[in-house]
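Each remark here refers to the structure printed beneath this line.
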Amino acid sequence: MSVAWATLRRSWLVTKRAYPWSYFIGTLLLGVFTIGLAYLGLRAVAGGGISAEFRGKAGTGDYLGYIAVGAGAYMFVVHGILWTGKAMIQEQREGTMGALLVAPARRLPYLLGFSAFAFTAVAVEVAVLFAWAASTRSDSRMPYARGST
């Protein structure tokens, strides 16, 4: 487990030094734009109303909450899984993949360490995204669309 912890710590320090704020803000923008565009579509296209069809199929009338959960799940999949693969590509490009392969440490703890870093970073980003989405909601119940009951 010490290899996984060392990899997690190394990844955190490298990311913090190389991209102090741009890393966090850049990855958070994916969720912010997703929710922002959904809000714009709700107001501009749907007139701010939720149809009975959406309520029936989604099981909720909370459209932005529905979008926020989807954006959070998307961020976990894209960032959590792809960043782990990106770590392997980065090691190969930097020329350190050979050293990792011949090192006496096992490969799985390295992969687990970087996965822990990726999922920890994404968990923080999704928490911030959900907090932002919750703060933008002015009312917990959206008005019904015209003609719906």
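Coordinate-derived values only; no laboratory data. Just so it is clear, the structure is predicted and the values come from calculations on it, not from any experiment. Every residue, glycine among them, receives a Cβ derived from its backbone with ideal geometry; neighbour counts consider all protein chains shown.
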Checklist entry - Cα axis of helix 82-94 to longest principal axis of the chain: angle in degrees, 0 to 90, nearest 10? => result 30
Checklist entry - Along the three principal axes, how long is the stretch 2-136 when you take its alpha carbons, biggest first, rounded to the nearest angstrom? => result 61, 29, 23
Checklist entry - Helix 63-75 sits at what angle to the longest principal axis of the chain, using alpha carbons and giving 0 to 90 degrees rounded to 10? => result 10
Item to check | Given charges at beta-carbon only (K, R positive; D, E negative), |dipole| of the chain in Debye | outcome: 160
